[in-house]
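The values are calculated or read from the model by the stated rules, or taken from the named source; none is laboratory data. Computed from a predicted model, the values in this text were never measured in an experiment. We place every Cβ from the backbone using ideal geometry, glycine too, and count neighbours over all the protein chains shown.
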């Protein structure tokens, strides 16, 4: 069985106090690091792997989702790569909109870096259908996938984290890899119109069921609270983008989103985006490993 997940619940007042500097303490050098250290119980007593799981779940629970592209926090005006981790998370906490996987992953990488872990974002998939972005975090010289958008990581049946190389090798041999999800939490989802206008069965890429109205911020900005899970996301994607799953099967894989990892589109390290064929060491390693390990016919 997998180890029990770490669950934390934080009064919003604590976040406000920390952000304004009232409750800052310790030696951490950013407000986000202070916030994470305060909001995750017993963080300083955790192992490195417990810490990266807890940080992943904290980012997942903190960063709002955009239900459609009109509700994305304006990255033309506020490009994430040009602002510090504190500046970026300040906008997140102002509740002005949400992010998709790319923005969430970059925020996640900044949060991991703020807590002392080297992290990069990994862009994968089919650019003509759908791409996904996750965070690769370095622990003891190996990289591990910590997906802050879907709140999952890869672990074996004994509850041990699977290094990126093991995950990619297993996938390249056609095997779905075991994952562990964080505890279910409710999140804010930002929409341009009321849920009912989307249709009862509409998933708007999230597969969310029975969202609870929270507030209306503008004539075209509605905020809902709802549980966001991978199962619902997968259900929504199968409804909204069946051609993606058809493409995965056509490539010879089981129709599972995990196999997007075998199609690298790029990697962002310290705000610099590297495309396949570049000299970025980790990206070159991923490309070579996928090429070498893929079974014939795939």
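Among the residues of the range 88-102, are any free of Cβ contacts under 8 Å to residues at least 24 places away in the same chain and either over 25 Å from residue 227 (Cα atoms) or in a helix (DSSP H, G or I) (or both)? For the range 88-102, residues free of Cβ contacts under 8 Å to residues at least 24 places away in the same chain and either over 25 Å from residue 227 (Cα atoms) or in a helix (DSSP H, G or I) (or both): present.
Picking from residues in the range 166-191 that are in contact with a helix residue (DSSP H, G or I) (Cβ under 6 Å, 6 or more places away or on another chain) and more than 15 Å from residue 230 (Cβ to Cβ), the one that is modelled with the lowest pLDDT is 190. In the range 274-294, which residue that is touching a helix residue (DSSP H, G or I) at 6+ places or on another chain (Cβ under 7 Å) and assigned to a loop (DSSP other than H, G, I, E, B) is modelled with the lowest pLDDT? It comes out as 294. Assess whether residue 255 counts as being surrounded by fewer than 18 Cβ atoms within 10 Å (Cβ to Cβ), assigned to a helix (DSSP H, G or I) and touching a helix residue (DSSP H, G or I) at 6+ places or on another chain (Cβ under 8 Å). No. Of all residues in the range 103-131, which are part of a helix (DSSP H, G or I) and either at positive phi or surrounded by fewer than 19 Cβ atoms within 10 Å (Cβ to Cβ) (or both)? Correct list: 113 only.
Selection over the range 169-193 of residues that are within 30 Å of residue 285 (Cα to Cα) and under 15 Å from the mean Cα position of the chain (by Cα) gives a count of 4. I'd like to know if the range 214-233 contains one or more residues that are out of contact with any strand residue (DSSP E or B) (no Cβ under 9 Å at 6 or more places or on another chain) and modelled with pLDDT of 90 or more. Looking for residues that are out of contact with any strand residue (DSSP E or B) (no Cβ under 9 Å at 6 or more places or on another chain) and modelled with pLDDT of 90 or more, one finds none in the range 214-233, hence no.
The set of residues from the range 53-77 being crowded, with 18+ Cβ neighbours inside 10 Å and assigned to a loop (DSSP other than H, G, I, E, B) comprises 63, 64, 67, 73. Look at (1) out of contact with any strand residue (DSSP E or B) (no Cβ under 9 Å at 6 or more places or on another chain); (2) modelled with pLDDT of 95 or more and you find that residue 55 fails only one, number (1).
Residues that are at pLDDT below 95 and either touching a strand residue (DSSP E or B) at 6+ places or on another chain (Cβ under 6 Å) or outside any strand (DSSP E or B) (or both) occur in the range 266-273; there is at least one.
State all residues of the range 214-252 that are assigned to a helix (DSSP H, G or I) and farther than 21 Å from residue 65 by Cα; if no residue qualifies, say none. Listed by number, the residues that qualify are 242, 243, 244, 245, 246, 247, 248, 249, 250. So for the range 175-188 (the condition being out of contact with any strand residue (DSSP E or B) (no Cβ under 8 Å at 6 or more places or on another chain), surrounded by fewer than 17 Cβ atoms within 10 Å (Cβ to Cβ) and in contact (Cβ under 8 Å) with a residue 60 or more places away in the chain), does at least one residue qualify? The answer is yes, given that some residue of the range 175-188 is out of contact with any strand residue (DSSP E or B) (no Cβ under 8 Å at 6 or more places or on another chain), surrounded by fewer than 17 Cβ atoms within 10 Å (Cβ to Cβ) and in contact (Cβ under 8 Å) with a residue 60 or more places away in the chain. Just one residue in the set 62, 29, 70, 20 is closer than 28 Å to residue 236 by Cα and at pLDDT below 90; that residue is 70.
Might you check whether a residue that is outside any loop (DSSP other than H, G, I, E, B) and within 13 Å of residue 282 (Cα to Cα) occurs anywhere in the range 156-167? Yes, the range 156-167 contains a residue that is outside any loop (DSSP other than H, G, I, E, B) and within 13 Å of residue 282 (Cα to Cα).
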